[in-house]
Amino acid sequence: MTPVETENPTGGYGKTVSHVVISLRTVKGVKQLKLDPSIYESLQKEHVEVGDVIYIEANSGAVKRQGRCDVYTAEYDLEADEYVPLPKGEVHKKKEVVQDVTLHDLDIANARPQGGHDIVSMMGQLMKPKKTEITDKLRKEINKVVNKYIDQGIAELVPGVLFIDEVHMLDIECFTYLHRALESTIAPIVIFATNRGKCLIRLVSFFANLTNVSLRLPLIPVLLTLSPNNEPFHALLNRFVIQLLTPASRLAQLSESEEIGPEHINEVAGLFLNAKQSAKILAEHEAQYIK
């Protein structure tokens with residue numbers, strides 16, 4: 001590793017590093033590289049010396065020290081460095097890196113762009129507020145980039161799950177916003193949960209003289225549809241049925257069944273009590289408890 005120095009372009013007495021010449025060696029050969037001065041600073045931060053095993057990312061210029069090459073193990077009797085074998089293969093390697101990021105992470109990263117290291121950029125960052133607003137325009141631009149990466153095969157969309165409990169408490173404006181958001185191609189899977197079969201949408205009851213709008217709220221519209229009037233679930237609450245799915249699934253696995261059948265639900269329902277059954281038992285044995 002040899003830093004090449006030149007005269008200071010600002011006219012000072014000191015010298016600056018114009019570039020760095022470094023030789024990388026693997027089992028198959030040696031390659032000499034001419035690197036940017038910023039990478040030389042990263043090499044100094046990692047305390048890289050001759051005989052160390054490192055890797056340099058070509059895109060970002062990040063340097064990571066893996067340890068000391070095991071060829072130099074006989075230099076000292078005791079040493080704190082970790083010895084690693086000499087890398088195999090070619091010096092230049094291609095490595096596929098998969099990173100999981102959310103759209104919110106992209107919004108925050110683009111809402112807070114990092115400035116330069118000069119004095120003007122630093123003063124500008126001090127004058128700006130710490131919290132930057134994430135606007136709808138920024139979200140739309142990020143969605144365009146994400147859709148472009150998906151079409152090119154660079155990125156893969158993994159939809160998340162948004163679980164909304166007590167959905168009967170939402171008003172008409174919330175449902176309108178959710179309906180518009182679900183039309184997006186990168187929208188998550190939305191699950192509504194409620195223990196009410198039918199209820200009026202909030203803010204609509206004020207216009208009862210104009211129209212009478214009621215909303216049917218099944219627990220999970222696509223995954224599961226259970227009506228309180230159907231057998232054998234007439235005595236079970238919708239929330240209690242969802243809680244039975246996990247033990248019923250385990251029971252189906254033990255019986256080597258690929259699907260959850262009525263016999264699994266009935267057996268698990270006999271082991272666990274719902275809220276009404278628990279309240280009934282507490283009321284019957286109220287005298288036996290300490291008040």
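Can you go through GLY61, GLY12, GLY51, GLY67 and tell me which one is modelled with pLDDT under 80 and in contact with a strand residue (DSSP E or B) (Cβ under 9 Å, 6 or more places away or on another chain)?
Sole residue among the options that is modelled with pLDDT under 80 and in contact with a strand residue (DSSP E or B) (Cβ under 9 Å, 6 or more places away or on another chain): GLY61.
In this structure, is LEU203 outside the structural domain of ALA279 (by TED's automatic domain parsing) and either surrounded by 14 or more Cβ atoms within 10 Å (Cβ to Cβ) or modelled with pLDDT of 80 or more (or both)?
no
Would you point out which residue out of GLU156, GLU183 is modelled with pLDDT under 85 and among the acidic types (Asp, Glu)?
Unique residue meeting the criteria: GLU183.
Give the residues of region 171-193 that are closer than 23 Å to PRO159 by Cα and β-branched (Val, Ile, Thr), sorted by residue number.
Across region 171-193, the qualifying residues are THR176, THR185, ILE186, ILE189, VAL190, ILE191.
Scan region 81-93 for residues that are exposed (fewer than 12 other Cβ atoms within 10 Å of the Cβ) and of a type in the set (Asp, Glu) and report the count.
Residues meeting the conditions: 1.
Of all the residues that make up region 94-126, how many are at pLDDT 50 or above and exposed (fewer than 10 other Cβ atoms within 10 Å of the Cβ)?
Within region 94-126, residues that are at pLDDT 50 or above and exposed (fewer than 10 other Cβ atoms within 10 Å of the Cβ) number 9.
The values are calculated or read from the model by the stated rules, or taken from the named source; none is laboratory data. Predicted model, so just to flag it, every value in this text is computed and none were measured. Every residue, glycine as well, gets a Cβ built from its backbone with ideal geometry; the counts of neighbours run over all protein chains shown.
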